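The values are calculated or read from the model by the stated rules, or taken from the named source; none is laboratory data. Everything quoted here is computed from the prediction, not taken from an experiment. Here Cβ is always computed from backbone atoms with ideal geometry, including for glycine, and neighbour counts include all displayed protein chains.
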Amino acid sequence: MLPEGFLDRTEKKGKVVGWVPQLKVLSHEAIGGFVSHCCWNSILESIWCVVPIGTWTLHSEQQMNAFQLVKEVGVAVAISLDYCERTKDQPMVTADAIEKEITELMEINTVVREKAKEMKEKSRASVIEGGSSYLSLGELIDELLKNAAL
């Protein structure tokens, strides 16, 4: 999949690996952006770690998630947001589009980065005692216990 010589040319700048502990990587201070296919766990981990997202959707709910991140929540830039509209002869995304969006993603003082910080606070507030997620989980547990007793 990678162009010939790519790994040699980039070995001092980064790594290409098959799998990594994503949350551990995203929580490292050196990470300035995250290109994601936009499945829900990746989104939550990115928001939790305040890492802006470059969306690169492939299928299923990913495009809807990416649209919300870019257009509604504002914590992402769209590298690829139209996988359904291309023909088999068209590239999924062009090199120019990748360069443009990655450059925007990596800029320090952007609206996207500020929104990511804001969402971090909201996401963390939701899981502490009294937060919306905390309360919803408690309600679910109560409902399950009530139904189990029937």
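Points to keep in mind about this one:
- Failed item, numbered, when residue 135 is tested on (1) more than 29 Å from residue 71 (Cβ to Cβ); (2) at pLDDT 95 or above: (1)
- Count of the range 12-56 residues, restricted to those that are farther than 21 Å from residue 111 by Cβ and among the aromatic types (Phe, Trp, Tyr), is 2.
- Of the listed requirements (1) of a type in the set (Phe, Trp, Tyr); (2) more than 8 Å from the chain's Cα centre (by Cα); (3) surrounded by 11 or more Cβ atoms within 10 Å (Cβ to Cβ), residue 19 misses just one: (3).
- Restricting the range 1-10 to residues that are assigned to a loop (DSSP other than H, G, I, E, B) and either under 17 Å from residue 53 (Cβ atoms) or of a type outside the set (A, V, I, L, M, F, W, C) (or both) leaves a set whose member that is nearest to the chain's Cα centre (by Cα) is 3.
- Boolean, residue 13 is modelled with pLDDT under 95, part of a loop (DSSP other than H, G, I, E, B), charged (D, E, K, R) and more than 10 Å from the chain's Cα centre (by Cα): yes
- Residue satisfying all of: in the range 68-97; modelled with pLDDT of 75 or more and surrounded by fewer than 11 Cβ atoms within 10 Å (Cβ to Cβ); nearest to the chain's Cα centre (by Cα) among these: 72
- Count of residues meeting criterion [assigned to a helix (DSSP H, G or I) and either free of Cβ contacts under 8 Å to residues at least 12 places away in the same chain or among the acidic types (Asp, Glu) (or both)] in the range 109-150: 24
- Residue in the range 98-108 that is assigned to a helix (DSSP H, G or I), among the acidic types (Asp, Glu), at pLDDT below 90 and more than 19 Å from residue 46 (Cβ to Cβ) present: yes
- Near pairs, Cβ below 8 angstrom, 6+ apart or cross-chain, from the range 11-39 (in contact (Cβ under 8 Å) with a residue 60 or more places away in the chain) to any residue that is part of a loop (DSSP other than H, G, I, E, B) and surrounded by 15 or more Cβ atoms within 10 Å (Cβ to Cβ): 32/51; 32/52; 33/51; 33/52
- Hits in the range 39-69 (condition: assigned to a loop (DSSP other than H, G, I, E, B) and closer than 17 Å to residue 120 by Cα): 49, 50, 51, 52
- The residues on offer are 29, 45, and the sole one that is of a type outside the set (Gly, Ala, Ser), under 20 Å from residue 117 (Cβ atoms), over 14 Å from the mean Cα position of the chain (by Cα) and at pLDDT 90 or above is 29.
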